[in-house]
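See below for the structure under consideration.
What follows draws every value from the coordinates through simple rules; no lab data is involved. All values reported here derive from a predicted model rather than from experimental measurement. Methodologically, a virtual Cβ is constructed for each residue, glycine included, from the backbone with ideal geometry; neighbour enumeration extends over all protein chains shown.
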Amino acid sequence: MKSFRDKRRDGRRPHPARAEQPRPRDAFAAGRQQAAPAERRETKSAERQEAKPAPRVLARREGALPAERLPLILEVAPNADYALLDSGAGEKLEQYGPYRIVRPEGQAIWQRALPAKEWERADAIFTGDTDEEGIGRWRFPKTPLGETWPMKHDGIDYLGRFTSFRHVGVFPEQASHWDHMAGLIASARRPVKVLNLFGYTGLASLVAARAGAEVTHVDASKKAIGWARENQEMAGLADKPIRWIVEDAMKFAEREERRGSRYDIVLFDPPAYGRGPKGEVWQLFEDLPGLTDLCRSILTPKPLAVVLTAYSIRASFFAIHALMRDTFAGMGGTVESGELIIREKSAGRALSTSLFSRWVA
C-alpha cells in the first residue's frame with residue numbers, strides 16, 4: 001500500500017523503496033576513491049545487474065480458461081468513515097472522519113458541483129509546494145493539525161497520516177475487495193491463510209485477520225510496516241496472527257514457492273514502477289506476468305481467490321483480465337475484471353481509481 005514507496009500512480013502512493021545508505025569515507029581505500037570514471041560505471045552496472053534477477057521462465061498453462069465476468073464495476077458509496085464530497089477542476093474534496101481534505105485528482109476533468117465556500121471549509125489542502133507550509137506538502141487553513149489522526153473503517157480503528165506524497169494511508173476504493181475477501185474467509189468455515197503483497201499500511205491485512213484468517217503482510221518499506229503495526233495495535237487486533245515482513249514482493253513469493261508455503265487468498269497491488277529494499281527493480285509490464293504466475297504457484301490445493309489491482313497504467317482492464325485468465329487456465333472458477341470507483345456525494349458522478357482483475361474459485 002509510498003515517501004514510503006517510490007511508486008508513481010499518477011499521483012497515487014509511491015512503491016516501497018529505501019535509499020541506499022551512504023558509505024563512510026574511511027570505508028574506501030585511497031586508490032578505490034580515485035577509481036577512474038569507466039571503472040565506476042562498470043561497478044554501478046554490475047550492481048544494477050545483481051539487483052535484477054533473471055526473469056521467470058513462463059509457459060502457457062494448459063486447460064480450459066476460467067469463466068469470465070466483465071466489466072464489473074465495484075463501487076464505494078459515501079459513509080460515516082469516508083466520503084468523496086465533490087470533485088472537479090483537477091481536484092477532489094474528501095471527508096476522512098473529522099477532516100475535510102482537498103487533494104489533486106487528474107481524472108476529475110469536469111467542473112465542481114459544490115460552491116466554492118464548501119471547498120474553502122477544508123481542514124487540509126495538499127499544495128505540492130514546499131515543506132515550509134506544514135507537514136510534508138500540506139497547508140492547514142484553519143488550525144495546524146498533527147501528522148496523524150484517528151480514523152475508522154467498518155469499525156476498525158487506524159491512523160490517518162498527512163504524508164509528503166499527498167496520501168493519507170488508506171485507499172477507500174479497496175473496501176469492495178476487503179468486503180469480498182472477508183466474506184470468503186467467513187464462509188470457508190476452515191483455517192484460511194492470506195498473503196498480502198505490497199501491503200502498505202495494513203488495512204486489508206487487518207480486515208482479513210478480523211475475519212479469522214492467518215495473514216502474511218509483505219511490503220518493501222520498513223516505514224510502512226511500522227505504520228501497519230501501529231494500526232494493528234490501534235485496532236485492538238494485536239492478538240491476531242499477522243506476520244509483518246519487510247521484503248521485495250517478487251523475492252518473497254519466489255522463496256515461498258521454494259519452501260512449499262501455500263496460501264488460500266493472495267492480494268497483490270503492484271506499482272507501475274518501484275524499487276525493493278535492496279535495489280530490486282520492478283517494472284509492471286515486464287514483471288507482472290511472472291508475479292501472477294508465482295501467485296498461482298503458491299496457492300493451496302483448495303484456494304479461494306487471487307486479487308490483482310493496478311493503478312495508473314496505460315492499459316485497459318482487458319489486458320490484466322486476459323493475463324489472469326491465461327494464468328489460471330485449468331483451475332476452473334471465474335475471473336472478474338473491471339474498475340474500482342468511488343461514488344461522489346455532490347452530483348453522483350463516478351471517480352474511477354484503478355483497474356482490477358480477480359480469480360475466484
Estimated distance in nm for a label pair at ASN79 and GLN111, the labels positioned 7 Å out from Cα along Cα-to-Cβ: 3.4 nm
How large is ³J(HN,Hα) for each residue in the range 137-144, as worked out from phi by the Karplus curve 6.51 cos²θ - 1.76 cosθ + 1.60 (θ = phi - 60°), to whole Hz, x for Gly and Pro? 10, 9, 10, 10, x, 9, 10, x
Hey, which of these cross-link pairs are over 29 Å Cα-Cα: LYS92/LYS193; LYS142/LYS345; LYS240/LYS345; LYS152/LYS302; LYS142/LYS240; LYS193/LYS345? LYS92/LYS193; LYS240/LYS345; LYS152/LYS302; LYS142/LYS240; LYS193/LYS345
Each label point is 7 Å from the Cα along the Cα-to-Cβ direction; what then is the distance between the points at THR334 and LYS302, in nm? 2.1 nm
Considering only DSSP states other than H, G, I, E and B, which GluC sites (Glu not before Pro) in the range 143-220 qualify as loop sites with at most 13 other Cβ atoms within 10 Å? GLU147
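Given a Förster radius of 41 Å and the C-beta distance between GLU118 and GLU257 as r, what FRET efficiency does 1/(1 + (r/R0)^6) yield to the nearest 0.05? Don't jump to the answer; show the numbers that get you there.
Values: r = 52 Å, r/R0 = 1.26.
My answer for the efficiency is 0.20.
For LYS222 and ASP239, compute 0.36 nm times the residue count separating them, minus their Cα-Cα distance, and round to one decimal in nm. Write out the running numbers ahead of the final one.
Values: separation 17, 0.36 × 17 = 6.12 nm, distance 2.13 nm.
This chain segment gains 4.0 nm when fully extended.
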If Lys and Arg each add +1 and Asp and Glu each add -1, what is the summed charge of the other residues whose beta carbon sits under 13 Å from the beta carbon of TRP178? -3
What distance in nm separates the two pseudo spin-label positions at PHE140 and ASP179, each 7 Å out from Cα along the beta-carbon direction? 3.3 nm
Full extension from PHE318 to VAL281: what is 0.36 nm times the residue separation minus their Cα-Cα distance, to one decimal in nm? 10.8 nm
Please say if the range 82-161 is rounded, prolate or oblate, where rounded means a/c under 1.5 for a ≥ b ≥ c the square roots of the C-alpha gyration tensor eigenvalues, and otherwise the choice is prolate for a/b larger than b/c and oblate otherwise? oblate
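Between LYS152 and ARG61, what FRET efficiency follows from the Cβ-Cβ distance if R0 is 35 Å, with the result rounded to 0.05? Before the final figure, lay out each step's value.
Details: r = 42 Å, r/R0 = 1.19.
Using R0 = 35 Å, I get an efficiency of 0.25.
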Would you mind counting up the charge near ALA213? Only other residues with Cβ under 13 Å from its Cβ, with Lys and Arg at +1 and Asp and Glu at -1. +4
Can you list residues from other chains, or at least 5 along the same chain, whose modelled amide H is less than 5 Å from the amide H of LEU93? LEU85, ASP86, SER87
³J(HN,Hα), Karplus 6.51/-1.76/1.60, whole Hz, each residue of the range 273-284, x for Gly, Pro: 8, x, 10, x, x, 10, x, 4, 9, 10, 10, 4
Take each of the peptides 100-108, 71-79, average the number of other beta-carbon atoms within 10 Å over its residues, and list them starting from the highest. 100-108, 71-79
